[in-house]
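Taking it in order: structure first as structure tokens, then the write-up.
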Amino acid sequence: MDVSALLGQLGVDISRLHGGPLSVFTPIDGSALAALTPHGPKDIEAAVEEAERTFRQLRAMPAPKRGELIRLFGNELRAHKAVLAELVCVEAGKIRQEALGEVQEMIDICDFAVGLSRQLYGLAIASERPLHRMQEQWHPLGPVAVISAFNFPVAVWAWNFALAVVCGDPVLWKPSEKTPLSALACQALWLRASARAAVVSAFPPAISQVLIGGRELSEQLARHPKIPLVSATGSCAMGRALAPLIAARFGRALLELGGNNAMIVAPSADLRLAVRATLFAAVGTAGQRCTSLRRLIVHESLYDRVIEQLRSAYAALSIGSSLSPETLVGPLIDAGSFERMQAALQVAREQGGRVVYGGERVLEAQSPDAYYVQPALVAMPSQTAIVQQETFAPILYVLPYRELDAAIELNNAVEQGLSSSIFTNDVREAELFVSAMGSDCGIANVNIGPSGAEIGGAFGGEKATGGGRESGSDAWKSYMRRATNTVNYSSELPLAQGVRFAD
Ligand code: NAD
């Protein structure tokens, strides 16, 4: 597939895209898009030094001026929304609607960050000493490394980038080696935006840098003492590899790792809504969202009915090229993903599961190098070991429950803690689910599915999901350092706690 026209429209220098050892493929038909030259250890070192120089300038800029840059970036994204979304479609295999949604999410976080640039509030705190003033200030932190996953190739970076920039931090972005072109496109749009800024002459050029390559680059960034924050999105395995490297140098880690998200369907649920929500959450993005629905926990009185309704809904799904407007389910990212899906289905069968629908490869004759699958619906008698794993593919395990407490226990009995939801019209059940005795996830919803979060809330999860929070609410605090200042404007020197010392 030829993406040079798309990349050209986005301002990417296409002369750099061929002749290197890093091949980039489209999951739509498996054909090659580009062959890039990855960055090496020396490039990373030079980039970190450049980011450090940039930080010294950026931290001195008033935050609303930094916000102005993000406003201009948001405008570039608005102007190029359809083109960037098309590139995401081609490179990550997302259907167009979802790719457009992903770019819209970038625009939304830019708007949020522009407002935030005038609201980086600290607290004024009552001092116990007379004629003293105590306050908290938030200061820029330093260069931030952003490591991102293939399945949200642009939005996750934007969540980090927009906040980091208004907070005064330059960003070094290592995108997934499966989606570097989308990253190069974002960088080109960013450079256009910053060139447009009237204030740009005062701005250093390296506020954003993109570093292309694999996990060895992430490791170098994680170890680097001059990067105070590493924001890493990907599998739990990646988090397990990187977190100790960051901790060993007392760096700050913002981890957004895997999910194994559940939805409870209670006896009072509006089934029409519950089935629609299940469909979007379980098969959207071909089951390749961190918040994809993987475990449906259905009250035993509805179990057969829900499975039957889902089976019909699954049978009506249109599967095919992400570029086709009718498609609801695009391809898996690659062969490895397909193999992991098949292996998981086999284990599920061995553990007592019954594949009620789907699971098989489709469109193989038309696209022998691409991996399209019929999303799988698997009736499980209980939450066996395979159900407790995140398989990054469209497999929905359906489990029965009798008492709500047991359903909540099932929801919580996996190592990840990203997203969850309940469908119920019983206010007691809904409130219990979102209470301290309910879901242990970072996201707990009522009468909507677990996926498709808005940018206004803090996004992230607990336990093996890593504990990080990105995007809205007060997630910006991760990108700044807090200083507590006490100012004495008296002519005495009283000590705290009434301590007397040489007075
Ligand atoms: P992945 O872990 O394979 O790769 C993610 C990034 O980490 C890539 O840039 C990759 O180069 C790097 N990486 C991978 N393994 C590494 C290692 N051992 N050491 C250093 N760097 C490493 O993930 P993926 O397949 O691209 O994405 C899917 C995974 O990401 C799923 O588990 C999904 O749940 C998770 N995810 C989480 C969120 C979230 O916000 N919680 C968002 C998107 C994806």
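For this structure, a couple of remarks:
- Evaluated against (1) near the ligand (Cβ under 10 Å from one of its atoms); (2) in contact (Cβ under 8 Å) with a residue 60 or more places away in the chain; (3) under 19 Å from the mean Cα position of the chain (by Cα), A155 falls short on exactly one condition, (2).
- Matching residues, the range 220-251, being within 13 Å of the ligand (Cβ to nearest atom) and in a strand (DSSP E or B): V230, S231, A232, T233
- Residue match in the range 475-489 (condition: polar (S, T, N, Q), within 16 Å of the ligand (Cβ to nearest atom) and within 15 Å of I297 (Cβ to Cβ)): no
- All of L310, L317 fail the test of being away from the ligand (no atom under 16 Å from the Cβ), farther than 26 Å from T424 by Cβ and touching a helix residue (DSSP H, G or I) at 6+ places or on another chain (Cβ under 7 Å), apart from L317.
- Flag for E102 being within 16 Å of the ligand (Cβ to nearest atom), of a type in the set (D, E, K, R) and out of contact with any strand residue (DSSP E or B) (no Cβ under 7 Å at 6 or more places or on another chain): yes
- Pairing residues of the range 99-123 that are under 13 Å from R71 (Cβ atoms) with residues that are among the polar types (S, T, N, Q) and outside any loop (DSSP other than H, G, I, E, B), at Cβ distances under 7 Å and at least 6 apart in sequence or on separate chains, gives I109/S471.
- Candidates in the range 158-215 are the residues that are charged (D, E, K, R) and crowded, with 24+ Cβ neighbours inside 10 Å; of these, the one that is farthest from the chain's Cα centre (by Cα) is D169.
- Some residue of the range 429-437 being away from the ligand (no atom under 16 Å from the Cβ), touching a strand residue (DSSP E or B) at 6+ places or on another chain (Cβ under 9 Å) and among the aromatic types (F, W, Y): yes
- When L273, L293 are checked against the criterion of being crowded, with 16+ Cβ neighbours inside 10 Å and in contact (Cβ under 8 Å) with a residue 24 or more places away in the chain, L293 stands alone in meeting it.
- With respect to the conditions (1) more than 14 Å from Q346 (Cα to Cα); (2) touching a Phe, Trp or Tyr at 6+ places or on another chain (Cβ under 8 Å); (3) not basic (K, R), P381 falls short on a single one, namely (2).
- Tabulated pairs, the range 50-62, first within 17 Å of S117 (Cα to Cα), second β-branched (V, I, T) and assigned to a helix (DSSP H, G or I), C-beta under 9 angstrom, 6+ apart or interchain: L58/V165; L58/I207
- Condition broken by Y371, with the remaining ones in (1) surrounded by fewer than 24 Cβ atoms within 10 Å (Cβ to Cβ); (2) modelled with pLDDT of 95 or more satisfied: (1)
- Residue check, A206 away from the ligand (no atom under 15 Å from the Cβ) and within 21 Å of Y479 (Cβ to Cβ): yes
- Residue match in the range 493-501 (condition: away from the ligand (no atom under 16 Å from the Cβ), surrounded by 12 or more Cβ atoms within 10 Å (Cβ to Cβ) and either of a type outside the set (G, A, S) or under 20 Å from the mean Cα position of the chain (by Cα) (or both)): yes
- Candidates I207, I212, I227: the one that is touching a His at 6+ places or on another chain (Cβ under 9 Å) and either under 16 Å from E45 (Cα atoms) or at pLDDT 95 or above (or both) is I212.
- Sole exception among (1) part of a loop (DSSP other than H, G, I, E, B); (2) within 16 Å of the ligand (Cβ to nearest atom); (3) hydrophobic (A, V, I, L, M, F, W, C) for L217, by number: (1)
- Residue satisfying all of: in the range 252-270; of a type outside the set (A, V, I, L, M, F, W, C) and part of a strand (DSSP E or B); nearest to the ligand (Cβ to nearest atom) among these: E256
- Selected residue [farther than 16 Å from A281 by Cβ and touching a residue at least 40 places away in the same chain (Cβ under 8 Å)] from I422, I395, I408: I408
- Odd one out for L255, checked against (1) without any contact (Cβ under 8 Å) to a residue 60 or more places away in the chain; (2) over 20 Å from S318 (Cα atoms): (1)
- You will find that of I95, I70, the residue that is in contact (Cβ under 8 Å) with a residue 40 or more places away in the chain, surrounded by 20 or more Cβ atoms within 10 Å (Cβ to Cβ) and closer than 27 Å to V283 by Cβ is I95 and no other.
- Any chance G456 is on the phi > 0 side of the Ramachandran plot, more than 10 Å from the ligand (Cβ to nearest atom) and in a loop (DSSP other than H, G, I, E, B): no
- With respect to being within 12 Å of the ligand (Cβ to nearest atom), at pLDDT 95 or above and either closer than 18 Å to C110 by Cα or charged (D, E, K, R) (or both), P170 falls outside the description.
The values are calculated or read from the model by the stated rules, or taken from the named source; none is laboratory data. Predicted model only: the values in this text are computed from it and were never measured. Cβ: placed from backbone, ideal geometry, glycine included. Neighbour counts: every protein chain shown.
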